[in-house]
1. Among B:Leu99, B:Leu104, which is the only one that is part of a helix (DSSP H, G or I), among the hydrophobic types (A, V, I, L, M, F, W, C) and open to solvent by 20 Å² or more (accessible area, probe 1.4 Å)?
2. Kindly indicate whether any position in segment A:72-83 is open to solvent by 70 Å² or more (accessible area, probe 1.4 Å) and assigned to a helix (DSSP H, G or I).
3. Checking B:Phe33 against (1) among the aromatic types (Phe, Trp, Tyr); (2) part of a loop (DSSP other than H, G, I, E, B); (3) more than 9 Å from every other protein chain (Cβ to nearest Cβ): exactly one of these is not met. Which one?
4. Report yes if some residue within segment B:202-215 is in contact with a strand residue (DSSP E or B) (Cβ under 9 Å, 6 or more places away or on another chain), at pLDDT 90 or above, among the hydroxyl-bearing types (Ser, Thr, Tyr) and closer than 30 Å to B:Asn298 by Cβ; otherwise report no.
5. B:Leu229 is checked against (1) in the same structural domain as B:Gly65 (by TED's automatic domain parsing); (2) at pLDDT 90 or above and fails just one. What number does that condition carry?
6. Scanning for something hydrophobic (A, V, I, L, M, F, W, C), touching a helix residue (DSSP H, G or I) at 6+ places or on another chain (Cβ under 6 Å), open to solvent by less than 30 Å² (accessible area, probe 1.4 Å) and farther than 30 Å from A:Thr85 by Cα, does segment A:248-260 turn up at least one residue?
7. Among the residues that make up segment B:214-222, is at least one of them acidic (Asp, Glu), closer than 23 Å to B:Leu161 by Cβ and either touching a residue at least 40 places away in the same chain (Cβ under 8 Å) or surrounded by 20 or more Cβ atoms within 10 Å (Cβ to Cβ) (or both)?
8. Inside segment B:118-159, can you point out the residues that are surrounded by fewer than 20 Cβ atoms within 10 Å (Cβ to Cβ), more than 14 Å from chain A (Cβ to nearest Cβ) and not polar (S, T, N, Q)?
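The values are calculated or read from the model by the stated rules, or taken from the named source; none is laboratory data. Bear in mind that the values here come from a model prediction, so they are computed numbers and not experimental data. Quick reminder, even Gly has a Cβ in these numbers, built from the backbone with ideal geometry, and neighbours come from all protein chains shown. The protein model used for the area step is the full one, side chains on, heavy atoms only, and it has no ligands, DNA or RNA in it. Shrake-Rupley method; radii C 1.70, N 1.55, O 1.52, S 1.80 Å.
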Amino acid sequence: MMPRVLNAYRIELIKALRSRATFVGPALLLLLMAGALFVHPVVRDEKSDYDFIAYAVPSAINVLGILLILSHSAASVSGELSSGTIRLVLVRPLRRGEFILAKSLAGFSYAALITALAASSAWTAAWVLGDLTGVRFGGDVLYTDRDMRVAFLIATGLNLPPQFAAVAYAVFVSTCIRNPASAVIVAIGTWILVDAVKYPLGIAPYVFSSYLDSSWQPFSERCMGIESEFSRTALYGIGVSIVSMTLFLAGAVMVLSRKDLSA
Amino acid sequence: MAACIQLSQLTKRYGAVTAVDSLSLEINSGEVFGLLGPNGAGKSTTLYMLTGLVRPSSGRVTIFGRDLQRRFVDIMPRVGVLVERPAFYEHLTVARNLLLFSLLSGKQVTIDRALDFVGLLHVKHNRVSELSQGMRQRLGLAQAFLAEPELLILDEPTNGLDVEHTHEILKLLRRLADEAGVTIVISSHMMHEVESLCDRVAIINKGRLVSCTRTDVLISYDPSNVEVLIDVPEAAARRLREQPWVESVEAKPGRLLVRLADATSHQLTAFLVGQGYKITGVIPRRRTLQEYFLKALNS
């Protein structure tokens, strides 16, 4: 199974690298990061600029990044259903579940790319244009630059499971809806709707999107000189994301397995 | 000959509509097998059930002695499929598309050989979006041939092709069957293509198998069916219709199409000459697949 999935994943990468549309999202993200420098200027003034990173990266990923990820994954299967290319793919020795896994891996890679781009561009901007010399409070070093880097890496890492769950959710929508534009609209629309009602309904702890913001909290608090550690919330976030990912991927496999792919 | 494909009570229902109804067939290895039927008969649905694109409601598909649903990934490396109106990745080149499909096949393949087969080597580096309809169809055939399959399943293989390319493709398919022993299953509306290419033909109507027979038997010369080249066909036709040994007569300009009930063409000739008609030729007619097809559907 794995060689077939990896082959199919390799094909997704080849297709993506040869499509100009793949690069639009990252380009927009970099523009957003550049724009963030105007909203939150970074200068060499011997004051650490981790707060720029704490502002720019979550904003980029949790607003634009998640839209890009949802769009990319929601169009992945529906695009092939709509164009008909899926019929030539699935007459090859590749099970439908393996096809879904390959599409999901491609989505995960895209999410990781967006995250890495946002994180590295923000950190680079702060390092080149500003100061990253640790967090001080009342003259004492509360957190060294190394502590902040580690915290940032952990926050970035913890942000990935909910993003991967978002990919799985969008792939599920993509499998249910043949038209890619409609699939994207439904994926994003439902996301916004759930985000709007999760707190009033008290279901926020069980919705993976809640952990997109919470993963950044410890890093943001450290930037403000508040002592903060990564709590059990992070583990809940990983658990909820894994469960959501599993359910959505299983759903996608089930839907595609029952679909007739005649002309 | 060993059976390459076995369909056992294959059925497909879409709600209240039964597209394929308890179809049972055996297709032998190395044979070219045609599926004929009117629009909506269930030919394409049957082909798609053979390829795993459509799940049967009941029944079984066995290919190379293995159940298709259970052993799909073992069977499909040996199968090449052409679907109707094949779609490709438009932003990629011809060669790149075939490379991607070949990666999925899990076999080492030579893309150039497949392209050469179908006469598309010269557009290898062109984007698919630049190809004409006929070229896309040929590209579809190329991706089916790519992994040198033992079984080819082709839905309307000559759709959109010009006369020259149709002839070449049919010749190539016949060569593959004769020389390489490839089993070929074709669904087509083109009677003359099926007639010239297929060893056996199955006629499907309203999801059911109407008949399955060898084409050489179907299209043999029929001694009771003759064409007579004659000077006065209308008058001769009137005289012949009075004869009990004539089943039917059709008068056309300069000739008669006669079906004999209980006589030979020699007796027919002798009668017409005896009546004073001038005959310039008597030609035994071949059955055509179209005639057989229409007769089978009506029965």
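1. Details: B:Leu104 fails: open to solvent by 20 Å² or more (accessible area, probe 1.4 Å).
Selected residue: B:Leu99, the only one of B:Leu99, B:Leu104 that is part of a helix (DSSP H, G or I), among the hydrophobic types (A, V, I, L, M, F, W, C) and open to solvent by 20 Å² or more (accessible area, probe 1.4 Å).
2. Within segment A:72-83, none of the residues are open to solvent by 70 Å² or more (accessible area, probe 1.4 Å) and assigned to a helix (DSSP H, G or I).
3. (2) is the only condition that B:Phe33 fails.
4. Scanning segment B:202-215 turns up no residue that is in contact with a strand residue (DSSP E or B) (Cβ under 9 Å, 6 or more places away or on another chain), at pLDDT 90 or above, among the hydroxyl-bearing types (Ser, Thr, Tyr) and closer than 30 Å to B:Asn298 by Cβ.
5. That leaves (1) as the condition not met.
6. Looking through segment A:248-260, none of the residues is hydrophobic (A, V, I, L, M, F, W, C), touching a helix residue (DSSP H, G or I) at 6+ places or on another chain (Cβ under 6 Å), open to solvent by less than 30 Å² (accessible area, probe 1.4 Å) and farther than 30 Å from A:Thr85 by Cα.
7. Step one: of segment B:214-222, the residues acidic (Asp, Glu) are B:216, B:222.
Add one more test, that the residue is closer than 23 Å to B:Leu161 by Cβ, and what stays is none.
Checking segment B:214-222: not a single residue is acidic (Asp, Glu), closer than 23 Å to B:Leu161 by Cβ and either touching a residue at least 40 places away in the same chain (Cβ under 8 Å) or surrounded by 20 or more Cβ atoms within 10 Å (Cβ to Cβ) (or both).
8. Hits for segment B:118-159 are B:Gly119, B:Leu121, B:His122, B:Val123, B:Lys124, B:Glu130, B:Leu131, B:Gly134, B:Glu148.
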